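A.B. asks: Just passing along the structure, written as structure tokens.
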């Protein structure tokens, strides 16, 4: 779907490319014919495209990293178009400095949020996950997680801290304005798209790489936009 003349994922690619620490952008999608337009768009945008399993997402991501010879995977979800390069780079720095196997923006989706009640949680829908190719390839050791609708793609990693070194970036300091865990920017329904479209149409002409802080400011200025979040 288009926003201001560009496909939503094209806007996302632009925002990701602004990262100072990402070497390569790859769209990973399925081999289903319905995903042919994504490969066509990737070619147009001059980004790599890997096509694999529709159902086994981690197999797809893992094999994409092998084909692209990437030792570190920065996984960003296509329905999270507002993710910003500054947040990506901060998570990458934490991953590198801490020598972690897996690092992410912590939200209420993670087990640690239920055991550490003082942790500062991010809003949903702007998630950055970083993990090693070695960790990705271990999906084969956890077959019970494959195609499990109740588990996230990387759940076998963050649910086994005894085997993987985990690092979480909290919504504090420069990111304290995002400490609103009940908000979500994920685009799963038409009204969610309407929200993102409204944000881009106002912010993009002013700054093509507008910050997440400006997003939250617009929400506070136009409070009716909160109603466009979440399920229909």
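The values are calculated or read from the model by the stated rules, or taken from the named source; none is laboratory data. Since this is a predicted model, take the numbers as computed values, not measurements. Methodologically, a virtual Cβ is constructed for each residue, glycine included, from the backbone with ideal geometry; neighbour enumeration extends over all protein chains shown.
A.B. asks: Name the residue that is farthest from the chain's Cα centre (by Cα), counting only residues in region 121-141 that are over 28 Å from residue 11 (Cα atoms) and crowded, with 17+ Cβ neighbours inside 10 Å.
C.D. replies: Of all residues in region 121-141, those over 28 Å from residue 11 (Cα atoms) come to 134-135, 137-141.
Then drop every residue that is not crowded, with 17+ Cβ neighbours inside 10 Å, which leaves 135, 138-139.
On the way: 135: 18, 138: 21, 139: 19 Å.
Out of the qualifying residues, it is 138.
A.B. asks: To continue, here is another question. Right, residue 200: over 21 Å from residue 104 (Cα atoms), buried (at least 19 other Cβ atoms within 10 Å of the Cβ) and free of Cβ contacts under 8 Å to residues at least 12 places away in the same chain or not? First the steps, then the outcome.
C.D. replies: Working: over 21 Å from residue 104 (Cα atoms): yes; buried (at least 19 other Cβ atoms within 10 Å of the Cβ): yes; free of Cβ contacts under 8 Å to residues at least 12 places away in the same chain: no.
Considered against the rule, which asks whether it is over 21 Å from residue 104 (Cα atoms), buried (at least 19 other Cβ atoms within 10 Å of the Cβ) and free of Cβ contacts under 8 Å to residues at least 12 places away in the same chain, residue 200 comes out as no.
A.B. asks: Would you point out which residue out of 206, 195, 225, 219 is within 19 Å of the chain's Cα centre (by Cα) and either more than 19 Å from residue 128 (Cα to Cα) or crowded, with 17+ Cβ neighbours inside 10 Å (or both)? Walk me through it before giving the result.
C.D. replies: Values: 206 fails: within 19 Å of the chain's Cα centre (by Cα); 225 fails: within 19 Å of the chain's Cα centre (by Cα); 219 fails: within 19 Å of the chain's Cα centre (by Cα).
Just one listed residue meets the conditions, 195.
A.B. asks: Residues that are crowded, with 16+ Cβ neighbours inside 10 Å and either touching a strand residue (DSSP E or B) at 6+ places or on another chain (Cβ under 6 Å) or at pLDDT below 95 (or both): list the helices (runs of 4 or more DSSP H) wholly contained in region 1-81 that include at least 2 such residues.
C.D. replies: Fully inside region 1-81 and qualifying: 36-45, 57-68.
A.B. asks: Could you run through region 211-232 and say how many residues are over 19 Å from residue 171 (Cβ atoms) and in a loop (DSSP other than H, G, I, E, B)? Write out each step before concluding.
C.D. replies: Quick first cut of region 211-232, residues over 19 Å from residue 171 (Cβ atoms) only: 221-225, 227-228, 231-232.
Okay, now just the ones that are also in a loop (DSSP other than H, G, I, E, B), so 222, 231-232.
Count: 3.
A.B. asks: Sticking with this one: Condition check: closer than 30 Å to residue 192 by Cα and buried (at least 18 other Cβ atoms within 10 Å of the Cβ). Does residue 146 satisfy that?
C.D. replies: On the way: closer than 30 Å to residue 192 by Cα: yes; buried (at least 18 other Cβ atoms within 10 Å of the Cβ): no.
When the stated conditions are applied, residue 146 does not pass them.
A.B. asks: Among the numbered criteria (1) touching a strand residue (DSSP E or B) at 6+ places or on another chain (Cβ under 6 Å); (2) in contact (Cβ under 8 Å) with a residue 60 or more places away in the chain; (3) closer than 24 Å to residue 7 by Cα, which single criterion is violated by residue 211?
C.D. replies: (1)
A.B. asks: Right, something else. Checking residue 173 against (1) more than 21 Å from residue 54 (Cα to Cα); (2) exposed (fewer than 15 other Cβ atoms within 10 Å of the Cβ); (3) free of Cβ contacts under 8 Å to residues at least 40 places away in the same chain; (4) in contact with a helix residue (DSSP H, G or I) (Cβ under 9 Å, 6 or more places away or on another chain), only one condition comes out false. Which one?
C.D. replies: Failing condition for residue 173: (4).
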